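Some notes on the structure that comes next.
Bear in mind that the values in this text are calculations on the coordinates, not laboratory data. Note that the coordinates shown come from a computational prediction; the quantities given were computed from them, not determined experimentally. Using ideal geometry, Cβ is built from the backbone for each residue, glycine included, and neighbour counts are taken over all protein chains shown.
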Amino acid sequence: MIKLRVKFSKKGRTCFISHLDLLRTFERSLRRANIPIAFSQGFNPHPKISFGSVLPVGLESEAEYVDFVLSEEYDSLRFKEILNQFLPTGLSVVAVEQVTPDAPSLMEEINLAVYRLIIDFELPVSKSELISDLEKFLAQEKIIITKKTKKGEKEINIRPLIKHLKLVATEQSTEKEWILTLAVYMGSKGSVRLDQLLVELNKFLPKIEYAKFLRTGLYIEKNNEIYCPLNKQLVKE
């Protein structure tokens, strides 16, 4: 058996596919592509497919990760080419790498998510004003949100989960449209709901007319360094 680690994008209409349906889509595409996926043992065998993170429905991503265990040797480049022929439009394999069978799971390792946030304001906003507002937002010791649990509602401080929130200078930015980059921790440290974060951010910014998140990366932060899940190469912030 071999394990292939796959980076894929999820855009367009496929962003509305739930996590369970995404799993079924990959299962169906693997079967149609005649790729020898391995199955678990027991009374209810299931294909050995494990994702790195659950992407919220409605959110597009340029960088999701999934591990496939195959029952026999299979060339990584061929895997990418063949599987892409059977995936629906909007879902695309970007890169494939073989990893050792005992490699830690993606769910165990991935602990940092990066997003691009495009904001349209109702009125023009200067760069200096926006930077000042972001600094005030991040200067808070606590950013409290309410999370629903099985035992009821619970207040959580999400400020420690925000690694950075920065303004991106691009030619597309106007005084009404600005692009930000957001990095938040995830996994055992907790998680941040983007809609709740936007509500809190909006308390410090001028009135927002439109906002859209795009996940641009999932990473492994270890010993104050950031690595790519696919090749474990060091990533510059």
Using Cα springs under 10 Å in a Gaussian network model of the chain, which residue among ASP75, ASP102, ASP195 shows the largest mean-square fluctuation?
ASP102
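Could you pull out the trypsin sites (Lys or Arg not before Pro) across segment 96-173 that fall in loop regions by DSSP (anything but H, G, I, E, B) with no more than 16 other Cβ atoms inside 10 Å? Kindly include the intermediate steps, with their values, before the conclusion.
Details: sites: ARG116, LYS127, LYS136, LYS142, LYS147, LYS148, LYS150, LYS151, LYS154, LYS163, LYS166; in loops: LYS142, LYS150, LYS151.
Of the trypsin sites (Lys or Arg not before Pro), the ones in loops of segment 96-173 whose Cβ has at most 16 other Cβ atoms within 10 Å are LYS142, LYS150, LYS151.
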Once both axes come from the Cα atoms, what is the angle between helix 19-32 and the longest principal axis of the chain, in degrees from 0 to 90, rounded to 10?
30 degrees
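Are there GluC sites (Glu not before Pro) in segment 120-212 that DSSP marks as loop and that have at most 15 other Cβ atoms within 10 Å, and which are they?
Details: sites: GLU122, GLU129, GLU135, GLU141, GLU153, GLU155, GLU171, GLU175, GLU177, GLU200, GLU209; in loops: GLU122, GLU141, GLU171, GLU175.
Answer in residue order: GLU122, GLU141, GLU171, GLU175.
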Scoring segment 2-107 by relative contact order with C-alpha pairs under 8 Å, at least six apart, yields a percentage of 49 percent
Efficiency of FRET from Cβ geometry, LEU20 and LYS207, R₀ 35 Å, rounded to 0.05
0.40
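Number of Lys-Lys pairs in segment 1-128 under 17 Å by Cα, sequence gap 8 or more or different chains?
Numbers: LYS3/LYS48; LYS3/LYS80; LYS7/LYS48; LYS7/LYS80; LYS10/LYS80.
Taking the Cα cut-off of 17 Å, the pair count is 5.
Could you please tell me the mean projected area of the C-alpha convex hull for segment 2-107, averaged over all directions and given in square nanometres to one decimal? Could the numbers behind the result be given before it?
Working: hull surface 25.6 nm².
Average projection, Cα convex hull of segment 2-107: 6.4 nm².
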